[in-house]
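Mind looking over this structure? Questions follow.
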Amino acid sequence: MNRFKMILSFFSTIPVKNYDFIEAELGKGIRLVPLVGVLFGLILVSLNTGISLVLDKEAGAFLILLVYLFLTGGLHFDGVADTSDGIFSYRSKERILEIMKDSRIGAFGVISLIVLFLGDWLFLSKSTTFVMFLFPIIGRCIALFTCRISTYARNEGFGSQFIIEAKKSNSLFVLITYVLLICVSSVLLNEIAIIFAVCITFIFITFITKRINQKLDGITGDVIGFTIEVSQLCFLIFAVIGERLV
């Protein structure tokens, strides 16, 4: 329980009391990150149930996105901006890492955030309740997956602990379990398009992560946040497309 409280306080703004922050244990918490997504999903769906009674889907999706931003504290959005500024600068590895560490935001960071917010808002407004519940879970499963298939680009940082732990067999078991539960639930709820969206999302993020690994000789904490947010948008897009096709 202490480990989950650590991860919850690290990856969200939800107040957490009565826990001990043990740095050496933080990396092991990567296996609990999808559970943070489950908590986010429950909060968002619960709020949406009330919001939908008084607002249309577009306005409701906007409020849900604001709540999600509050829950994350903008942590992953910062990763999106930093990674976009670095990767699209087309500089050397060393210079890219310097740009990503810079607290200032550049043009590509601003553009990426605008696209992300607009995309999330648009496709959340067209998503089913179950997709809304799943999208933060998918993002955090992708965080575990990204760490598993990557190395760490810097000499130090919390990200290195996550990557070491993500490569262990029990982390793979957790990842497979979540994916299977999502797929089985989709079949039971007759939302088969979700399986299509999950598959496309994992394929797309594998491609993106491998390219970043090649460019930086690994990933950073910013890249983990980047893949979380990009995978969520990818999942939302293809869940909506899949629903039209199935």
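The values are calculated or read from the model by the stated rules, or taken from the named source; none is laboratory data. Please read all numbers here as calculations on a predicted model, not as lab measurements. Using ideal geometry, Cβ is built from the backbone for each residue, glycine included, and neighbour counts are taken over all protein chains shown. Surface accessibility is based on the protein's heavy atoms, side chains included, excluding ligands, DNA and RNA. Shrake-Rupley method; radii C 1.70, N 1.55, O 1.52, S 1.80 Å.
Residues in region 160-170: is at least one modelled with pLDDT of 95 or more and charged (D, E, K, R)?
No, region 160-170 has no match at all.
Shifting gears a bit: Starting from region 28-50, take each residue that is modelled with pLDDT of 95 or more and list its partners that are not in a helix (DSSP H, G or I), counting only C-beta distances under 7 angstrom and pairs at least six apart or across chains.
Between residues of region 28-50 that are modelled with pLDDT of 95 or more and residues that are not in a helix (DSSP H, G or I), the close pairs are 36/12.
I'd like the full set of residues that are in contact (Cβ under 8 Å) with a residue 40 or more places away in the chain, part of a loop (DSSP other than H, G, I, E, B) and of a type outside the set (D, E, K, R), limited to region 150-175.
Result: 150, 151, 153, 157.
Here's the yes/no breakdown for (1) of a type in the set (A, V, I, L, M); (2) surrounded by fewer than 23 Cβ atoms within 10 Å (Cβ to Cβ):
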| position | (1), (2) |
| --- | --- |
| 33 | yes, no |
| 53 | yes, yes |
| 77 | no, yes |
| 89 | no, yes |
| 122 | yes, yes |
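Identify all residues within region 214-246 that are in contact with a strand residue (DSSP E or B) (Cβ under 8 Å, 6 or more places away or on another chain) and surrounded by fewer than 21 Cβ atoms within 10 Å (Cβ to Cβ); write none if there are none.
The answer is 218, and nothing else.
Just for region 96-116: of the residues that are in contact (Cβ under 8 Å) with a residue 24 or more places away in the chain and open to solvent by 70 Å² or more (accessible area, probe 1.4 Å), which one is nearest to residue 68 (Cα to Cα)?
111
Yes or no, residue by residue, for (1) surrounded by fewer than 24 Cβ atoms within 10 Å (Cβ to Cβ); (2) farther than 28 Å from residue 128 by Cα:
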| residue | (1), (2) |
| --- | --- |
| 139 | no, no |
| 183 | yes, no |
| 186 | yes, no |
| 212 | yes, yes |
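Taking region 143-181, which residues are surrounded by fewer than 16 Cβ atoms within 10 Å (Cβ to Cβ) and of a type in the set (S, T, N, Q)?
151, 155, 169, 170, 177
Is it true that some residue in region 176-199 is assigned to a helix (DSSP H, G or I), over 26 Å from residue 239 (Cα atoms) and either modelled with pLDDT under 95 or out of contact with any Phe, Trp or Tyr (no Cβ under 8 Å at 6 or more places or on another chain) (or both)? First the steps, then the outcome.
Filtering region 176-199 for residues assigned to a helix (DSSP H, G or I) gives 176-188, 193-199.
With over 26 Å from residue 239 (Cα atoms) added as a condition, the list becomes none.
Within region 176-199 (the criterion being assigned to a helix (DSSP H, G or I), over 26 Å from residue 239 (Cα atoms) and either modelled with pLDDT under 95 or out of contact with any Phe, Trp or Tyr (no Cβ under 8 Å at 6 or more places or on another chain) (or both)), the answer is no, since none of the residues qualifies.
Which one of these does residue 37 not meet: (1) on the phi > 0 side of the Ramachandran plot; (2) open to solvent by less than 40 Å² (accessible area, probe 1.4 Å)?
Result: residue 37 fails condition (1) only.
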